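S.K.: Here it is, the structure, as structure tokens.
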Amino acid sequence: GQRLFDPLREFADQFTAIQAGLTSLERVSDILSEPIEIRDPHEPQTLPATARSGQTIAPGEIRFDHVTFGYKSDEMVLRDLDFTIRPGEKVALVGPTGAGKSSIIRLLCRLYDVTKGSIQMDGVDIREMPQAELRRRMSVILQDGFLFAGDVTSNITLGESYAKEDVRRAAEQTNVASFIERLPQGYDTELRQRGTNLSGGEKQLLAFARAAIRNPGILVLDEATANLDVGTESIIQEALESLLVGRTAIIIAHRLSTIRRVDRILVLKQGQLVESGNHQELLEQNGLYASLYRLQMLEA
Ligand code: ADP
């Protein structure tokens, strides 16, 4: 099977854990041995308030302004990336392993800071923004839903206080409500960490519900690579579509059904943006995207 995205998985677990307020940044970083030296600014800038649950979402604009980045000072893995994702736009990141897709997401979440250039959210440099604000505006969904030992409700709320109706609404919106209702204790059913008692599809839907309840303007998604059965695949696609409505989204997309539907595909190669356009446009260009696409068609 595919194990290409394990580093991203670690990061997403970390982001989720931080979002849950489970532990301090330092402790999570110790556990995962990822260096984190990000500090809040002394005078953080605040952005207009995020919409609360049930209210209209304000999709965010994301701008990468000539971003260059290296984990080590002598080895840049992203080079002069310059693009803007408009509010509400859905963008897929595509490229061979090691091209820099996960690194882009890590920068966006400020697990690392850029080496050169800047990343702006609605015109504000994310380094000037309180991290709590960043986490409110953005939800990260990993490809193989991370679960905590705890009941279904707390796996959706991450321990924050939400009304029962909000939990139910989030579950319904993401097609997981009927599954939850079939569990022995419904929303009170205890789940095991890593979710060994759930299928991949069910974990994915729970992760969607966890994002939905926060009502973020921006969604970051590492799509599952696992082969889901046809029934689950369509349920997940439908849930994903409902989750994407009115939000800005960056997706590391593996499924052609998703890639075909995004507004724009950013194709990366060795840390550089080499192609940009929708599925049809990129096929016509007959470049890297077209060859990756043909390769995937052969495998399928
Ligand atoms: P992708 O997600 O497209 O597969 P990554 O962003 O994971 O690509 O990787 C981009 C480059 O950065 C690769 O050369 C990879 O080896 C390197 N890299 C990824 N994570 C780290 C890290 N934590 N430390 C050093 N180099 C890393």
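The values are calculated or read from the model by the stated rules, or taken from the named source; none is laboratory data. From a predicted model like this one, the values you see are computed outputs, not experimental measurements. Ideal geometry is used to build each Cβ from the backbone, glycine not excepted, and the neighbour counts take in all protein chains shown. Ligands, DNA and RNA are stripped out before the accessible areas are found, and what is left, the full protein with its side chains, is counted by its heavy atoms. Shrake-Rupley method; radii C 1.70, N 1.55, O 1.52, S 1.80 Å.
S.K.: With Arg135, Arg210 as the choices, which residue is more than 21 Å from Glu233 (Cβ to Cβ) and part of a helix (DSSP H, G or I)?
M.R.: Details: Arg210 fails: more than 21 Å from Glu233 (Cβ to Cβ).
Every option except Arg135 fails the conditions.
S.K.: Under 7 Å between Cβ atoms, at least 6 apart or on separate chains: pull out the pairs that start in the range 251-276 with a residue that is part of a strand (DSSP E or B) and end on any residue that is hydroxyl-bearing (Ser, Thr, Tyr) and open to solvent by less than 30 Å² (accessible area, probe 1.4 Å).
M.R.: From residues that are part of a strand (DSSP E or B), the pairs are Ile251/Thr258; Ile265/Tyr289; Val267/Tyr289; Glu275/Tyr289.
S.K.: I would also like to ask the following. Give the residues of the range 112-124 that are outside any loop (DSSP other than H, G, I, E, B) and not aliphatic (A, V, I, L, M), sorted by residue number. Please lay out each step first, then the result.
M.R.: Residues of the range 112-124 that are outside any loop (DSSP other than H, G, I, E, B), as a first pass: 116-121, 124.
Correct list: Lys116, Gly117, Ser118, Gln120.
S.K.: Being of a type outside the set (Phe, Trp, Tyr), surrounded by 19 or more Cβ atoms within 10 Å (Cβ to Cβ) and within 16 Å of the ligand (Cβ to nearest atom), is that true of even one residue in the range 131-138?
M.R.: Looking for residues that are of a type outside the set (Phe, Trp, Tyr), surrounded by 19 or more Cβ atoms within 10 Å (Cβ to Cβ) and within 16 Å of the ligand (Cβ to nearest atom), one finds none in the range 131-138, hence no.
S.K.: Please give the helices (runs of 4 or more DSSP H) falling wholly within the range 4-111 in which 2 or more residues are within 16 Å of the ligand (Cβ to nearest atom), open to solvent by 10 Å² or more (accessible area, probe 1.4 Å) and at pLDDT 50 or above. Full working, then the answer.
M.R.: Details: elements: 6-19, 25-32, 101-108.
Hits in the range 4-111: 6-19, 101-108.
S.K.: Looking only at the range 148-171, decide whether some residue is within 15 Å of the ligand (Cβ to nearest atom) and open to solvent by 20 Å² or more (accessible area, probe 1.4 Å). I'd like the intermediate steps shown before the answer.
M.R.: Keep residues of the range 148-171 that are within 15 Å of the ligand (Cβ to nearest atom), which gives none.
No, the range 148-171 contains no residue that is within 15 Å of the ligand (Cβ to nearest atom) and open to solvent by 20 Å² or more (accessible area, probe 1.4 Å).
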